[in-house]
Every structure is written in structure tokens, then in C-alpha cells.
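**Student:** Below are the C-alpha cells for one structure; questions will follow.
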Amino acid sequence: MTEEKKKQYTLDEVSKNNTEDSCWMIIGNMSNGGPKVYDVTKYLDDHPGGAEVMLDVAGQDADEFFEDIGHSADAREELKRHFIGDLFMDEATKAKMKEDAEKAAKKKDGFSPVLMFLLVAILAVGAKYYMSQS
């Protein structure tokens, strides 16, 4: 696809393609060429991690998910085959993506209440066991 002919898609357009019949995702960020839109519908059955993994992020910004997995050079080459255009980046889109990234970072950094409960429960059981051994 030549530079002049690249199609641009809005977040709204991408978000409507979130099923097995039409599975799009956004991968890329400002540090690696900008967000790009990929139609991975035809690749769902061939994805080594299974279709469900991709459908979980269908219609969304999947960049962090894609990068966290640590995809191989072959996977990145495969991804290029499914490129359909760039994400249209107006101010509202930039603000939404920044907000979503901040929410994701807080989720990562935050200590889950369930995890805290489990930790306290494990420590309580361990303390009780230790006390009963004395």
C-alpha cells in the first residue's frame, strides 16, 4: 500500500469489528510508527494461541497485549500481511487512547483487593500453623 493510498479508520469503525466474522485490532504506538489497523479475521484459525485470544482484544487497541506476549519476528511479518490502514488520530482519539493507557497502567500497578485478601489469608494460615507447632 503506498503512502498516499493508506486508508484511515476511526476508533469507532475499529470497535465495530469485534467478532469472528470481522476481527480488527489496533497494534502500534507513537514510538513504533503509530497505531495501525489490522484485519485478522482470516488468521483467527491459524493463530498459534487460538482464536479466543485474539477475539478478547478484537475491535480494540491491542498494542500492549501484543507487545507483552513477546511475539517473534515471524509473527510480526505475519501481522504485516493483515494491515489495512492507520488509525485516524484526532485530538479526541489521542485523549481516549491516553486515558485507556493510564487505566491499564493503574490496573497493572495496583494491588488487587482479591490478591491482598489471598495474601492475608495465606499469612493467617501460616501463622496459625506455626503457632500450633510451638
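**Student:** Among the residues of segment 13-37, which ones are surrounded by 21 or more Cβ atoms within 10 Å (Cβ to Cβ) and charged (D, E, K, R)?
**Tutor:** 36
**Student:** Would you call residue 10 under 16 Å from residue 100 (Cα atoms) and either hydrophobic (A, V, I, L, M, F, W, C) or surrounded by 11 or more Cβ atoms within 10 Å (Cβ to Cβ) (or both)?
**Tutor:** The answer is yes for residue 10.
**Student:** Tally the residues that are more than 15 Å from residue 26 (Cβ to Cβ) and open to solvent by less than 60 Å² (accessible area, probe 1.4 Å), restricting the search to segment 61-70.
**Tutor:** 1
**Student:** Looking only at segment 78-98, filter to residues that are free of Cβ contacts under 8 Å to residues at least 40 places away in the same chain, in a helix (DSSP H, G or I) and open to solvent by 90 Å² or more (accessible area, probe 1.4 Å); which one of those is nearest to residue 42 (Cα to Cα)?
**Tutor:** Across segment 78-98, the extreme among qualifying residues is 80.
**Student:** Filter segment 8-39 down to residues that are over 14 Å from the mean Cα position of the chain (by Cα) and under 21 Å from residue 77 (Cβ atoms) and give me whichever is modelled with the highest pLDDT.
**Tutor:** Applying the filter and picking the extreme gives 39.
**Student:** Of all helices (runs of 4 or more DSSP H) completely enclosed by segment 11-77, which ones contain at least 2 residues that are more than 23 Å from residue 92 (Cβ to Cβ) and acidic (Asp, Glu)?
**Tutor:** Because the criterion is at least 2 residues that are more than 23 Å from residue 92 (Cβ to Cβ) and acidic (Asp, Glu), the helices (runs of 4 or more DSSP H) in segment 11-77 that meet it are 63-69.
The values are calculated or read from the model by the stated rules, or taken from the named source; none is laboratory data. Remember, it's a predicted structure, so these values are computed and weren't measured experimentally. Quick reminder, even Gly has a Cβ in these numbers, built from the backbone with ideal geometry, and neighbours come from all protein chains shown. What goes into the accessible areas is simple: the full protein's heavy atoms, side chains included, and nothing from ligands, DNA or RNA. Shrake-Rupley method; radii C 1.70, N 1.55, O 1.52, S 1.80 Å.
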